[in-house]
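The structure appears below as structure tokens.
The values are calculated or read from the model by the stated rules, or taken from the named source; none is laboratory data. Predicted model only: the values in this text are computed from it and were never measured. Protein only, heavy atoms only, side chains kept; ligands, DNA and RNA dropped before computing areas. Shrake-Rupley method; radii C 1.70, N 1.55, O 1.52, S 1.80 Å.
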Amino acid sequence: MSVLSEYKHLFPLDSIQKVCDLFEEQLRSNKEPDLALFSIIVGSVENNLTNVKNSDKDVNLASNKFIKMKFPSVEWDEVKSLYERFVSLMRSGVDAKLLSGDLASRDLVKRVADVVWNSLTRSYYKDRAHLQSIYSFLTGNKLDCFGVAFAVTAGCQVLGKNDVHLALSEDHAWVVFGKDGLNTAEVTWHGKGNEDKRGRSVGDGVQARSWLYVAGKPVICTRIMELAALVSSINPTLTPSIDVHEVALMQHRLLWLLYEKGHLDAYPMALGNLADLEEYMTKYIANEAESESSALKDVIGMVKSATTSRPDSALLYVQAIRSSRTFYEDRHVYPYTFQGGYYHRHKMYKEAFHAWASAGDVIRHYNYSRDDEEIYKEFSEIANELIPQLMKAESSGHSARSILKDPECFASLLRFYDGICKWEEGSQTPILHIGWAKPLVSTISKFDAEVRAQVNIICCPDNGEPTGASQRTVETTQNEKDKDIWNNNADIPAMSVREQLTAAVNSRPRVTLYSHKMAALKPLLLAERLNTHALQLQLTAQSQLQRPHLPVKRRDDEDHHPSTPTARAKRARRER
């Protein structure tokens, strides 16, 4: 209890500032943060503020996108009691024999996971909000996938095994342990019916080229980064369409605190969440700037003064992409879709096309599986909702005509679709059914033949391309050479016809198609008149070389929760 007692003087925590003071004191300390303690505190604040039963009855929820709530008071005695319960549960549930040695064993990790798992209610809570904290675990015996992995990491910490750390992909979590963190272990589920994986290595998922395991390039957390993961997992959702402002503001301020200390540099998802929150707070300040409430003006002034020297949302999205490229060989998809969503919201459609194309470049390195539900929904929304809507809305407008006349936009769309087709190749389940093919063909048909003809399409469907960072280096170097040739030629006063033709070809936007489907479509894409029927037939043709396996039977535990699951925070914020 000595670690817990160090923070007693900060209680009760009855304001966002006091929560920030708690985090600041921890970040100044040389001691590791106690994950269980912070998860209980943060979970207590979030769960109390987002409890619909506790919401202000005078607030008309139907007419608000966010509401303001009274900040709860987190008392010392409550936190102390819950913390002691968690420590007692871990110590009583784990045999002392498993605690021998300086480093954790696989048997110990599995046992801690079993202790957490066996304490939960007999149901899954996929994508339900506010179930990621140890507070939820101790007060309701409920945890989501991330929450289980975090609780296991915290449980190992209270047992003195500080080599156990959280590993995070973009939609899954597991732990690393042992010397230099070389061992991996599943400790939670993904989807339904996968509890038997606990204790096993994640190697099979990596070898299967599933996006769920990001090609073995997850975020391996330090203790402070685990604190950042806790903050990044905060969900301000009150209802599927309404957020609680105080929760969003607390998360915003805590992420900035961690950012300014450099703890988000290698955490692309947290940078993307911070960018989303910064955009939200900027809109909030603009909407509330004329308020007559002096207290509100003070808050707005404080937020304004704090953000003047900080990067804006656009730069944060760029930093998230740079983080993925620097630390994870550009194997994370969400930094690009976050950025594409930002550009789309701000009607910067050419930039959005480029960001989505870059997301396609990443996803083509994977094989689609049933575990990839979240990223499938992401790409489906982009391809079958966002792109068709903006093309339809803008096709008759002056600004959109410039988009539809831009061969670079067409090249970006081909890259995006090519990534999805390549993702489908070799997978057990096809992606491009007619629901995908119709919007795709409709979008392509919006570009005139002369615009399509300006794109230099290179086909490389037989895996002849370099991979990873080397591929990007080759492409970037070639693009720079092309630019140099074009610029140098522009400075030459007299050029032969051959030289002029060469310069014109080099100035054309170039796209390399790696999927068999898109490569086979090249003649149709460049034809003066598009054969939409032929395009649809080829796009929906089975691309797998092997026979698809029968789907594995799933547990029907959805029956326990017939209600629609709450959208995750990262998706809800982007839909504003």
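Using modelled backbone amide H atoms (1.01 Å from N, in-plane), which distant-in-sequence or interchain residues come within less than 5 Å of LEU238's amide H?
ASP243, VAL244
Could you give each residue of region 165-178 its phi-based ³J(HN,Hα) in whole Hz, using Karplus coefficients 6.51, -1.76, 1.60 with θ = phi - 60°, and x for Gly or Pro?
Here the 3J(HN,Hα) series is 9, 7, 10, 10, 8, 8, 8, 8, 9, 8, 10, 10, 7, x Hz.
Expressed as a whole percentage, what fraction of the accessible surface of region 160-288 belongs to carbon and sulfur atoms when a 1.4 Å probe is rolled over the protein heavy atoms?
Details: 1860 of 3750 Å².
For region 160-288, the apolar C and S fraction of the accessible surface comes to 49 percent.
Rounded to whole Hz and in sequence order, give me ³J(HN,Hα) for region 347-358 from the Karplus expression 6.51 cos²θ - 1.76 cosθ + 1.60, θ = phi - 60°, writing x for Gly and Pro.
Ordered by residue, 3J(HN,Hα) equals 6, 9, 6, 4, 5, 5, 4, 5, 5, 5, 4, 5 Hz.
At 1.4 Å probe size, with no ligands or nucleic acids counted, give the accessible surface of MET250 in Å², nearest ten.
0
Leaving out ligands, DNA and RNA but keeping every protein chain, what accessible area does LYS405 have, in Å² rounded to the nearest 10, with a 1.4 Å probe?
So the heavy atoms of LYS405 present about 90 Å² to solvent.
Beyond 23 Å, how much of the Cα-Cα pair distribution for region 134-258 remains, as a whole percent?
36
Report ³J(HN,Hα) in whole Hz for each residue of region 5-12, in order, from the Karplus equation J = 6.51 cos²θ - 1.76 cosθ + 1.60 where θ = phi - 60°; Gly and Pro get x.
Once θ is set to phi - 60°, the couplings for region 5-12 become 5, 4, 9, 4, 5, 7, 8, x Hz.
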